[in-house]
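Written below as C-alpha coordinates is the structure these notes are about.
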Amino acid sequence: APCSGWGYNWGGCPPWDSALFFIPESVLAFTGDDSVARRLYPKMLRNVDYVESILDASGVPTVGIGDWLAPVAPGKELYQWPWREMSAAFRVGNVMCAERLARRFGFADDALRFERVRRRAVMDFQRNFCDAAGLPVFETSTLHALALAFDLVRPECRSACAGKMSELLRVRNHRVDFGIIGVGFVIRMLFENGYVDDAYRVMTQPEKPGFVYLSDTLNLTAMPERWDIDERPDCHESSFNHAYMAEYLACIYRYLAGFRHDRERPGVNYLEIRPSIPKELDWFKAKYLGFCVEWARDGEDVRMTVT
(Lines give C-alpha, C1' and ligand atoms only; values in the text may rest on other atoms or scores of the structure.)
Protein backbone atom coordinates (compact mmCIF):
# COMPACT_ATOMS: atom_id res chain seq x y z
CA ALA A 1 0.00 0.00 0.00
CA PRO A 2 -0.74 2.42 -1.46
CA CYS A 3 0.20 1.04 -4.87
CA SER A 4 2.18 -2.24 -4.66
CA GLY A 5 4.13 -1.65 -7.84
CA TRP A 6 1.52 -0.08 -10.09
CA GLY A 7 2.91 3.40 -9.57
CA TYR A 8 1.25 6.09 -7.50
CA ASN A 9 -0.17 7.90 -10.53
CA TRP A 10 -2.28 4.85 -11.34
CA GLY A 11 -2.75 2.42 -8.45
CA GLY A 12 -2.48 5.18 -5.89
CA CYS A 13 -4.24 8.57 -5.88
CA PRO A 14 -6.75 10.22 -3.54
CA PRO A 15 -9.76 7.95 -4.30
CA TRP A 16 -7.78 4.79 -3.53
CA ASP A 17 -5.95 6.41 -0.60
CA SER A 18 -9.33 7.04 1.02
CA ALA A 19 -9.11 3.55 2.53
CA LEU A 20 -6.39 4.93 4.82
CA PHE A 21 -8.91 7.46 6.17
CA PHE A 22 -12.36 5.88 5.93
CA ILE A 23 -11.63 2.35 7.17
CA PRO A 24 -10.09 3.41 10.52
CA GLU A 25 -12.96 5.85 11.08
CA SER A 26 -15.49 3.12 10.28
CA VAL A 27 -13.80 0.73 12.72
CA LEU A 28 -14.08 3.45 15.37
CA ALA A 29 -17.75 4.14 14.59
CA PHE A 30 -18.81 0.49 14.62
CA THR A 31 -16.71 -0.78 17.52
CA GLY A 32 -15.65 2.22 19.60
CA ASP A 33 -12.01 1.12 19.20
CA ASP A 34 -9.86 4.09 18.16
CA SER A 35 -6.52 2.23 18.21
CA VAL A 36 -6.47 1.67 14.44
CA ALA A 37 -7.22 5.32 13.73
CA ARG A 38 -4.57 6.47 16.23
CA ARG A 39 -1.96 4.13 14.77
CA LEU A 40 -2.61 5.28 11.21
CA TYR A 41 -3.14 8.96 12.01
CA PRO A 42 0.53 9.91 11.34
CA LYS A 43 0.21 8.34 7.89
CA MET A 44 -2.90 10.42 7.26
CA LEU A 45 -0.86 13.54 8.04
CA ARG A 46 1.79 12.49 5.53
CA ASN A 47 -0.79 11.66 2.88
CA VAL A 48 -2.55 15.02 3.20
CA ASP A 49 0.79 16.81 2.90
CA TYR A 50 1.75 14.73 -0.11
CA VAL A 51 -1.48 15.38 -2.01
CA GLU A 52 -1.11 19.11 -1.35
CA SER A 53 2.37 18.90 -2.90
CA ILE A 54 1.15 17.41 -6.22
CA LEU A 55 -1.52 19.96 -7.13
CA ASP A 56 -1.44 21.65 -10.51
CA ALA A 57 -1.77 25.39 -10.99
CA SER A 58 -5.57 25.15 -10.72
CA GLY A 59 -5.46 23.29 -7.39
CA VAL A 60 -6.28 19.81 -8.75
CA PRO A 61 -4.21 16.67 -7.92
CA THR A 62 -2.07 15.64 -10.88
CA VAL A 63 -2.71 11.90 -10.45
CA GLY A 64 -5.77 9.72 -10.33
CA ILE A 65 -8.14 7.41 -12.12
CA GLY A 66 -11.86 7.82 -12.66
CA ASP A 67 -14.85 5.80 -11.51
CA TRP A 68 -13.10 2.54 -12.26
CA LEU A 69 -15.07 -0.09 -14.22
CA ALA A 70 -18.19 2.03 -14.60
CA PRO A 71 -20.47 0.78 -17.40
CA VAL A 72 -19.55 1.87 -20.89
CA ALA A 73 -21.57 4.86 -22.07
CA PRO A 74 -22.19 5.58 -25.77
CA GLY A 75 -18.97 6.78 -27.32
CA LYS A 76 -16.81 6.65 -24.19
CA GLU A 77 -15.82 4.64 -21.16
CA LEU A 78 -16.73 6.43 -17.96
CA TYR A 79 -13.99 4.82 -15.91
CA GLN A 80 -11.37 6.63 -17.97
CA TRP A 81 -12.95 9.99 -17.14
CA PRO A 82 -13.50 12.15 -15.07
CA TRP A 83 -10.37 11.28 -13.09
CA ARG A 84 -9.47 14.90 -12.28
CA GLU A 85 -12.90 15.49 -10.73
CA MET A 86 -12.67 12.27 -8.69
CA SER A 87 -9.21 13.10 -7.33
CA ALA A 88 -10.28 16.65 -6.50
CA ALA A 89 -13.34 15.33 -4.67
CA PHE A 90 -11.39 12.81 -2.60
CA ARG A 91 -8.78 15.42 -1.79
CA VAL A 92 -11.62 17.02 0.18
CA GLY A 93 -13.16 13.80 1.53
CA ASN A 94 -9.87 12.48 2.89
CA VAL A 95 -8.88 15.66 4.68
CA MET A 96 -12.45 15.99 6.01
CA CYS A 97 -12.06 12.61 7.67
CA ALA A 98 -8.62 13.54 9.04
CA GLU A 99 -10.11 16.75 10.45
CA ARG A 100 -12.85 14.84 12.28
CA LEU A 101 -10.31 12.47 13.82
CA ALA A 102 -7.99 15.32 14.82
CA ARG A 103 -10.85 16.99 16.69
CA ARG A 104 -11.81 13.71 18.37
CA PHE A 105 -8.21 13.11 19.49
CA GLY A 106 -7.81 16.68 20.74
CA PHE A 107 -5.17 17.67 18.19
CA ALA A 108 -6.36 21.27 17.88
CA ASP A 109 -3.51 22.55 15.71
CA ASP A 110 -3.91 19.69 13.23
CA ALA A 111 -7.67 20.21 13.13
CA LEU A 112 -7.28 23.89 12.27
CA ARG A 113 -4.73 23.10 9.56
CA PHE A 114 -6.98 20.42 8.09
CA GLU A 115 -9.89 22.85 8.15
CA ARG A 116 -7.90 25.39 6.14
CA VAL A 117 -6.84 22.73 3.62
CA ARG A 118 -10.42 21.48 3.31
CA ARG A 119 -11.87 24.93 2.72
CA ARG A 120 -9.27 25.67 0.07
CA ALA A 121 -9.84 22.28 -1.58
CA VAL A 122 -13.61 22.84 -1.70
CA MET A 123 -13.09 26.21 -3.40
CA ASP A 124 -10.71 24.58 -5.90
CA PHE A 125 -13.32 21.94 -6.71
CA GLN A 126 -16.12 24.46 -7.14
CA ARG A 127 -13.99 26.73 -9.31
CA ASN A 128 -12.84 23.92 -11.60
CA PHE A 129 -15.78 21.54 -11.77
CA CYS A 130 -19.05 23.32 -10.91
CA ASP A 131 -21.23 25.40 -13.20
CA ALA A 132 -22.72 28.83 -12.57
CA ALA A 133 -25.56 27.21 -10.62
CA GLY A 134 -23.05 25.54 -8.31
CA LEU A 135 -23.60 21.95 -9.54
CA PRO A 136 -21.01 19.49 -10.89
CA VAL A 137 -20.76 19.84 -14.65
CA PHE A 138 -19.96 16.18 -15.42
CA GLU A 139 -23.21 14.22 -15.63
CA THR A 140 -22.59 11.05 -13.69
CA SER A 141 -24.36 10.08 -10.50
CA THR A 142 -21.03 9.32 -8.80
CA LEU A 143 -19.75 12.88 -8.98
CA HIS A 144 -23.03 14.27 -7.65
CA ALA A 145 -22.98 11.71 -4.81
CA LEU A 146 -19.43 12.71 -3.89
CA ALA A 147 -20.43 16.36 -3.97
CA LEU A 148 -23.12 15.59 -1.40
CA ALA A 149 -21.02 13.25 0.75
CA PHE A 150 -18.06 15.65 0.97
CA ASP A 151 -19.98 18.97 1.09
CA LEU A 152 -18.52 20.06 -2.25
CA VAL A 153 -21.56 22.11 -3.20
CA ARG A 154 -22.93 25.11 -1.36
CA PRO A 155 -25.69 24.35 1.18
CA GLU A 156 -28.32 26.01 -0.99
CA CYS A 157 -27.31 23.73 -3.90
CA ARG A 158 -27.63 20.40 -2.08
CA SER A 159 -31.27 19.82 -2.96
CA ALA A 160 -30.66 20.50 -6.66
CA CYS A 161 -27.57 18.29 -6.62
CA ALA A 162 -29.51 15.37 -5.12
CA GLY A 163 -32.31 15.92 -7.61
CA LYS A 164 -29.88 15.85 -10.52
CA MET A 165 -28.33 12.63 -9.20
CA SER A 166 -31.72 10.93 -9.10
CA GLU A 167 -32.61 12.30 -12.55
CA LEU A 168 -29.44 10.84 -14.08
CA LEU A 169 -30.49 7.41 -12.82
CA ARG A 170 -34.15 7.74 -13.77
CA VAL A 171 -33.32 8.41 -17.43
CA ARG A 172 -31.40 5.12 -17.38
CA ASN A 173 -34.40 3.30 -15.87
CA HIS A 174 -32.36 3.06 -12.65
CA ARG A 175 -29.62 0.99 -14.31
CA VAL A 176 -26.32 1.82 -12.66
CA ASP A 177 -23.98 4.34 -14.26
CA PHE A 178 -21.31 4.04 -11.57
CA GLY A 179 -18.22 1.94 -10.94
CA ILE A 180 -16.02 1.05 -7.99
CA ILE A 181 -16.07 4.57 -6.54
CA GLY A 182 -19.73 5.30 -7.10
CA VAL A 183 -20.98 2.02 -5.62
CA GLY A 184 -19.87 3.25 -2.20
CA PHE A 185 -21.70 6.56 -2.41
CA VAL A 186 -24.60 6.76 -4.88
CA ILE A 187 -27.15 4.52 -3.14
CA ARG A 188 -26.16 5.92 0.25
CA MET A 189 -26.59 9.52 -0.89
CA LEU A 190 -29.96 8.75 -2.48
CA PHE A 191 -31.19 7.42 0.86
CA GLU A 192 -29.59 10.21 2.87
CA ASN A 193 -31.17 12.91 0.74
CA GLY A 194 -34.71 11.57 0.70
CA TYR A 195 -34.71 9.68 -2.62
CA VAL A 196 -35.65 6.40 -0.95
CA ASP A 197 -37.68 5.01 -3.84
CA ASP A 198 -34.94 5.78 -6.38
CA ALA A 199 -32.37 4.09 -4.15
CA TYR A 200 -34.54 1.00 -3.84
CA ARG A 201 -35.11 0.84 -7.60
CA VAL A 202 -31.37 1.01 -8.23
CA MET A 203 -30.91 -1.84 -5.75
CA THR A 204 -33.64 -4.01 -7.33
CA GLN A 205 -33.50 -3.06 -11.03
CA PRO A 206 -33.20 -6.43 -12.81
CA GLU A 207 -31.57 -5.40 -16.07
CA LYS A 208 -27.91 -5.13 -16.94
CA PRO A 209 -25.99 -3.33 -15.56
CA GLY A 210 -27.43 -3.88 -12.10
CA PHE A 211 -27.15 -5.80 -8.86
CA VAL A 212 -30.14 -8.09 -9.39
CA TYR A 213 -28.91 -8.96 -12.89
CA LEU A 214 -25.75 -10.34 -11.27
CA SER A 215 -27.66 -12.50 -8.79
CA ASP A 216 -30.81 -13.54 -10.66
CA THR A 217 -29.68 -13.71 -14.28
CA LEU A 218 -26.04 -14.73 -13.85
CA ASN A 219 -26.79 -16.76 -10.68
CA LEU A 220 -23.73 -15.36 -8.92
CA THR A 221 -23.53 -15.91 -5.17
CA ALA A 222 -20.89 -13.19 -4.60
CA MET A 223 -20.46 -9.71 -6.03
CA PRO A 224 -17.97 -9.62 -8.96
CA GLU A 225 -15.48 -6.94 -9.88
CA ARG A 226 -17.30 -5.63 -12.94
CA TRP A 227 -20.83 -5.20 -14.24
CA ASP A 228 -20.04 -6.96 -17.52
CA ILE A 229 -18.51 -10.04 -15.90
CA ASP A 230 -20.57 -12.23 -18.25
CA GLU A 231 -18.70 -10.71 -21.18
CA ARG A 232 -15.32 -11.26 -19.52
CA PRO A 233 -15.51 -14.69 -17.90
CA ASP A 234 -11.73 -15.14 -17.62
CA CYS A 235 -11.02 -15.17 -13.88
CA HIS A 236 -7.44 -14.12 -14.54
CA GLU A 237 -8.72 -10.77 -15.78
CA SER A 238 -11.55 -10.07 -13.34
CA SER A 239 -12.53 -11.19 -9.86
CA PHE A 240 -15.84 -12.93 -9.12
CA ASN A 241 -15.70 -11.88 -5.46
CA HIS A 242 -14.88 -8.20 -5.04
CA ALA A 243 -15.41 -6.51 -1.69
CA TYR A 244 -16.27 -3.02 -2.90
CA MET A 245 -19.70 -4.24 -4.02
CA ALA A 246 -20.48 -5.08 -0.37
CA GLU A 247 -21.68 -1.48 0.07
CA TYR A 248 -24.91 -2.76 -1.49
CA LEU A 249 -25.35 -5.10 1.47
CA ALA A 250 -24.33 -2.39 3.93
CA CYS A 251 -27.16 -0.21 2.61
CA ILE A 252 -29.65 -3.01 3.23
CA TYR A 253 -28.73 -2.97 6.93
CA ARG A 254 -28.28 0.78 7.32
CA TYR A 255 -31.34 1.98 5.43
CA LEU A 256 -33.90 -0.78 4.90
CA ALA A 257 -33.36 -2.22 8.38
CA GLY A 258 -32.40 1.16 9.83
CA PHE A 259 -29.34 0.16 11.90
CA ARG A 260 -27.20 3.30 12.04
CA HIS A 261 -23.96 3.86 13.92
CA ASP A 262 -23.18 7.45 14.86
CA ARG A 263 -19.69 8.96 14.51
CA GLU A 264 -20.42 11.23 17.47
CA ARG A 265 -21.36 8.26 19.71
CA PRO A 266 -19.22 5.41 18.38
CA GLY A 267 -19.33 1.78 19.42
CA VAL A 268 -21.94 -0.84 20.24
CA ASN A 269 -23.53 0.94 23.22
CA TYR A 270 -25.42 3.38 21.02
CA LEU A 271 -27.37 2.29 17.97
CA GLU A 272 -29.99 4.34 16.15
CA ILE A 273 -32.78 2.33 14.48
CA ARG A 274 -34.44 4.41 11.76
CA PRO A 275 -35.57 2.50 8.65
CA SER A 276 -36.09 4.09 5.25
CA ILE A 277 -39.26 2.58 3.79
CA PRO A 278 -39.64 2.43 -0.02
CA LYS A 279 -43.14 2.54 -1.47
CA GLU A 280 -42.54 -0.69 -3.40
CA LEU A 281 -41.47 -2.73 -0.35
CA ASP A 282 -44.21 -4.11 1.92
CA TRP A 283 -42.24 -6.06 4.52
CA PHE A 284 -38.72 -6.31 5.88
CA LYS A 285 -36.91 -8.08 8.71
CA ALA A 286 -33.27 -8.04 9.82
CA LYS A 287 -31.10 -8.84 12.84
CA TYR A 288 -27.94 -7.08 14.01
CA LEU A 289 -26.02 -6.99 17.32
CA GLY A 290 -28.78 -8.92 19.05
CA PHE A 291 -31.51 -6.55 17.82
CA CYS A 292 -34.30 -7.63 15.51
CA VAL A 293 -36.22 -5.13 13.42
CA GLU A 294 -39.34 -6.10 11.53
CA TRP A 295 -41.70 -3.73 9.77
CA ALA A 296 -44.69 -4.23 7.48
CA ARG A 297 -47.29 -2.12 5.77
CA ASP A 298 -50.76 -2.08 7.31
CA GLY A 299 -52.97 -0.07 4.97
CA GLU A 300 -51.72 3.48 5.05
CA ASP A 301 -49.59 2.78 8.12
CA VAL A 302 -46.31 1.01 8.70
CA ARG A 303 -45.99 -1.03 11.87
CA MET A 304 -42.52 -1.72 13.26
CA THR A 305 -41.48 -4.17 15.95
CA VAL A 306 -38.04 -3.90 17.57
CA THR A 307 -36.79 -6.69 19.81
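The values are calculated or read from the model by the stated rules, or taken from the named source; none is laboratory data. The structure presented is a predicted model; accordingly, all values stated were derived computationally and were not measured. Backbone-built Cβ (ideal geometry, glycine too); neighbour counts: all protein chains shown. What goes into the accessible areas is simple: the full protein's heavy atoms, side chains included, and nothing from ligands, DNA or RNA. Shrake-Rupley method; radii C 1.70, N 1.55, O 1.52, S 1.80 Å.
Looking at (1) under 20 Å from the mean Cα position of the chain (by Cα); (2) under 16 Å from residue 94 (Cβ atoms); (3) open to solvent by 10 Å² or more (accessible area, probe 1.4 Å), which one does residue 43 not meet, given that it meets all the others? Condition (1) is where residue 43 drops out.
Condition check ((1) assigned to a loop (DSSP other than H, G, I, E, B); (2) modelled with pLDDT of 95 or more; (3) more than 30 Å from residue 210 (Cα to Cα); (4) open to solvent by 70 Å² or more (accessible area, probe 1.4 Å)) across all residues:
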| residue | (1), (2), (3), (4) |
| --- | --- |
| 85 | no, no, no, no |
| 89 | no, yes, no, no |
| 98 | no, yes, yes, no |
| 119 | no, yes, yes, yes |
| 122 | no, yes, yes, no |
| 126 | no, yes, yes, no |
| 139 | yes, no, no, yes |
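Of the conditions (1) open to solvent by less than 20 Å² (accessible area, probe 1.4 Å); (2) under 24 Å from residue 132 (Cβ atoms); (3) of a type outside the set (A, V, I, L, M), residue 156 satisfies every one except a single condition; which number is it? Against the list (1) open to solvent by less than 20 Å² (accessible area, probe 1.4 Å); (2) under 24 Å from residue 132 (Cβ atoms); (3) of a type outside the set (A, V, I, L, M), residue 156 comes up short only on (1).
Within the stretch 21-40, the set of residues being in contact (Cβ under 8 Å) with a residue 12 or more places away in the chain and open to solvent by less than 60 Å² (accessible area, probe 1.4 Å) comprises 21, 22, 24, 25, 28, 29, 32, 34, 36, 37, 40.
Only residues that are open to solvent by less than 70 Å² (accessible area, probe 1.4 Å), hydroxyl-bearing (Ser, Thr, Tyr) and assigned to a loop (DSSP other than H, G, I, E, B) were counted in the stretch 271-307, giving 1. No other residue among 297, 263 is more than 28 Å from residue 177 (Cα to Cα) and within 21 Å of the chain's Cα centre (by Cα) apart from 263. From the residues in the stretch 165-211 that are within 23 Å of residue 241 (Cα to Cα) and β-branched (Val, Ile, Thr), which one is surrounded by the most Cβ atoms within 10 Å (Cβ to Cβ)? For the stretch 165-211, the residue satisfying everything is 186.
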